[in-house]
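First comes the structure, then the notes that go with it.
The values are calculated or read from the model by the stated rules, or taken from the named source; none is laboratory data. These numbers come from a predicted model, not from an experiment. Ideal geometry is used to build each Cβ from the backbone, glycine not excepted, and the neighbour counts take in all protein chains shown.
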């Protein structure tokens, strides 16, 4: 029984999608489907997804529309309509989820609540080092001192890496650090 639908918005970045799909194959919770919401990437993307589907155990669907301009929200809506669950997780086509990403969503979901995650911006140097092997071995989940140093040198990611680059597993601490604003 599927417990979540994970929708990935993509546009022409096959390498980035390969990294995301690799990370999805090692999720601790496998009770989810993947919908690739493709805003007209073309034949190369279609061929890559077909080839990946043949070798993967992921429940996956490619939702496609022609490229006639930026229509990300329209393809996301199409993917929502094709989802098979009542719990939807969205990620962008350049965000690699950690191995307990789906499980954390499923475990922490509540009725009438939106869960918002954070992304960690990496320096260009660190981003270029990430490959399929580093993901499949979960090496990308290990934060090292050199990552902090490298991110500190890159002004673009300095604050977000240090602030958002840690996953807190303690629910009470997480709740304290991410207090929701009630309206």
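Can you tell me which residue is nearest to residue 19 (Cα to Cα) among those in region 140-153 that are modelled with pLDDT of 70 or more and either in contact with a helix residue (DSSP H, G or I) (Cβ under 8 Å, 6 or more places away or on another chain) or outside any helix (DSSP H, G or I) (or both)?
Of the residues in region 140-153, the ones modelled with pLDDT of 70 or more are 140-142.
Filter once more, so that each one left must be either in contact with a helix residue (DSSP H, G or I) (Cβ under 8 Å, 6 or more places away or on another chain) or outside any helix (DSSP H, G or I) (or both): 140, 142.
Numbers: 140: 11, 142: 16 Å.
Here the residue is 140.
For region 41-69, what are the residues that are part of a loop (DSSP other than H, G, I, E, B) and more than 19 Å from residue 95 (Cα to Cα)? Don't jump to the end; show me each part of the working.
Step one: filter region 41-69 for residues part of a loop (DSSP other than H, G, I, E, B), giving 41-42, 56-58, 65-69.
Once the filter is applied, which keeps residues that are part of a loop (DSSP other than H, G, I, E, B) and more than 19 Å from residue 95 (Cα to Cα), region 41-69 yields 42, 56, 57, 65, 66, 67, 68, 69.
I'd like to check something: does region 78-90 contain any residue that is surrounded by 14 or more Cβ atoms within 10 Å (Cβ to Cβ), within 26 Å of residue 131 (Cα to Cα) and not assigned by TED's automatic domain parsing to the domain that holds residue 132?
Within region 78-90, one or more residues are surrounded by 14 or more Cβ atoms within 10 Å (Cβ to Cβ), within 26 Å of residue 131 (Cα to Cα) and not assigned by TED's automatic domain parsing to the domain that holds residue 132.
Just checking, how many residues over region 18-40 are touching a helix residue (DSSP H, G or I) at 6+ places or on another chain (Cβ under 7 Å) and part of a helix (DSSP H, G or I)?
Result for region 18-40: 5.
Going by the structure shown, is residue 48 touching a helix residue (DSSP H, G or I) at 6+ places or on another chain (Cβ under 6 Å), surrounded by 15 or more Cβ atoms within 10 Å (Cβ to Cβ) and modelled with pLDDT of 95 or more?
Spelling it out, residue 48 is indeed touching a helix residue (DSSP H, G or I) at 6+ places or on another chain (Cβ under 6 Å), surrounded by 15 or more Cβ atoms within 10 Å (Cβ to Cβ) and modelled with pLDDT of 95 or more.
Taking the stated definitions as given, is residue 9 closer than 16 Å to residue 90 by Cα and surrounded by 15 or more Cβ atoms within 10 Å (Cβ to Cβ)? Explain how you work it out, then say what you get.
Details: closer than 16 Å to residue 90 by Cα: yes; surrounded by 15 or more Cβ atoms within 10 Å (Cβ to Cβ): yes.
Spelling it out, residue 9 is indeed closer than 16 Å to residue 90 by Cα and surrounded by 15 or more Cβ atoms within 10 Å (Cβ to Cβ).
Could you tell me whether any residue of region 93-107 is modelled with pLDDT of 90 or more, assigned to a helix (DSSP H, G or I) and either farther than 24 Å from residue 29 by Cβ or not assigned by TED's automatic domain parsing to the domain that holds residue 1 (or both)?
no
In region 116-132, what residues are surrounded by 10 or more Cβ atoms within 10 Å (Cβ to Cβ) and modelled with pLDDT of 85 or more? I'd like the intermediate steps shown before the answer.
Narrowing region 116-132 to residues surrounded by 10 or more Cβ atoms within 10 Å (Cβ to Cβ): 117-127, 129-132.
Answer for region 116-132, where residues must be surrounded by 10 or more Cβ atoms within 10 Å (Cβ to Cβ) and modelled with pLDDT of 85 or more: 129, 130, 131, 132.
If only one of 91, 80 is touching a residue at least 40 places away in the same chain (Cβ under 8 Å) and over 21 Å from residue 1 (Cβ atoms), which one is it? So that I can check it myself, show each step before the final result.
Working: 80 fails: over 21 Å from residue 1 (Cβ atoms).
The match here is 91.
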